[in-house]
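Below: the structure, in structure tokens.
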Amino acid sequence: MNVLLMAYGTPYAPEEVEPYYTDIRRGRRPSEELLKELSERYEAIGKSPLNEITLAQAVRLQALLNLEAPPYPKRLLGPFPPRAPHGPARVYVGTKHWHPSIGEAVAAMHEDGVRRAVAIVAAPHYSLRSVAEYREKVDSALKALPEPIDFVWVESYEAHPGLIAAYARRLEEVIWRLKNPGKAAYVFTAHSIPLSAVEKGDPYPRQVEKTAELIAKRLALPRFYVAYQSAGRTPEPWLGPDINELLRTLREEGYEEVAVQAVGFPADHLEVFYDLDLEAQASARELGLRLLRARSLNADLDYIQVLRDLVEAAWPR
Ligand code: FEC
């Protein structure tokens, strides 16, 4: 069993911010002003842990697939560990905008003799501006190979019961810390996308709302809101409401406490540590709102079990 696990990627060092940003902008170098602004955001959080978390997810997913794939015999008669029915699992990491890139991962898979694999993006929701672009990168890497790799795609998993339970568990920890959970506002966030994608029929906002609705239902929340964060620094309109705007509205409506959960990203990174923990937290403080954020899934076992289920269900038999 072979897996290509993909995530956004982040620079490893300050001097890598410029080429990384240039890649996000499809080869157009950012202006000095934009570069300075992004570098300052990285500086403010110290370092994005995204690459390390993605690697940890891959290592744990590989271990779980290898541990649980074989039907363990009741008594050990044969060799140990028993052979997995599909051969040992190998999980490769490819990042959308840095190294190892998706192209590098696909080339390594081919070199290792992989001809069939499951492709999965860690982010749970499909978007023309996320999963579709990861897919384009895989397809273009395949064009450079002498023989194809047959990829089976997991395109989204916004309603997976294990994902909902994992998010609900972490939001419940926040509920315990609220002074008045019955009167708090519950806000689920995801990365914004340009409105032009939504106008083309992107299922992204519907899928984000589905995840939010299922977590809210599981925890019997009195009410909940969906907000978008981290809109790009481009002139086009982006999907809203923006989290900072929503906080203002919530304060005007009389809320004093807000529980925030980023459901669009499984891992901690720049957009969680800067946009939520620094920027949204500063907006909340200014408004006199108490904001608590649910911790991320990262490489925790309950989340890796979700990835394991998705990969096993997708693996062609
Ligand atoms: O920790 C890190 O260093 C990486 C954090 C990071 C994640 C992430 C996830 C998503 N993005 C999505 C859409 C867009 C679109 C554009 C865009 C631009 C940026 C920039 C940075 C950045 N994104 Fe991102 N994104 C992260 C970081 N993103 C940095 C460039 C500076 C800025 O505008 O803030 C606009 C690009 C363009 O002009 O074409 C669109 C979506 C996700 C969630 C899915 C996923 O994880 O792939 C959607 C993490």
Practice problem: Show the residues, 5+ positions off or on another chain, whose built amide H is closer than 5 Å to the amide H of residue 227. | Solution: 188, 189, 190
Exercise. Check cross-link reach from residue 96 to the aspartates and glutamates: straight Cα distance under 19 Å, and skip same-chain residues fewer than eight apart.
Key: 15, 16, 18, 23, 52, 104, 133, 136, 139, 155, 268, 271
Quiz item: R0 = 35 Å: FRET efficiency of residue 150 with residue 172, Cβ-based, nearest 0.05?
Solution: 0.30
Exercise. Would you compute the Debye intensity of the chain from its alpha-carbon atoms alone, equal scatterers and no solvent, and pass along log10 I(q)/I(0) at q = 0.14 Å⁻¹ to two decimals?
Key: -1.13
Quiz item: Could you give the distance between the Cα centres of the range 1-56 and the range 200-272, to the whole Å?
Solution: 23 Å
Quiz item: Taking Cα atoms of the range 161-293, Rg/Rh with Kirkwood Rh, to two decimals?
Solution: 0.95
Quiz item: Mind ordering 175-182, 260-267 by average Cβ neighbours within 10 Å, highest first?
Solution: 260-267, 175-182
Quiz item: Ranked highest first by average number of other Cβ atoms within 10 Å, how do 240-248, 38-46, 50-58, 23-31 line up?
Solution: 50-58, 240-248, 38-46, 23-31
Quiz prompt | Neighbour-count ranking [beta-carbon atoms within 10 angstrom, fewest first] of 151, 188 | solution = 151, 188
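Readers should treat all values here as calculations from the given coordinates under stated rules, not as data from a laboratory. What you see is a predicted model, and the numbers here were worked out from it, not measured in a lab. We place every Cβ from the backbone using ideal geometry, glycine too, and count neighbours over all the protein chains shown.
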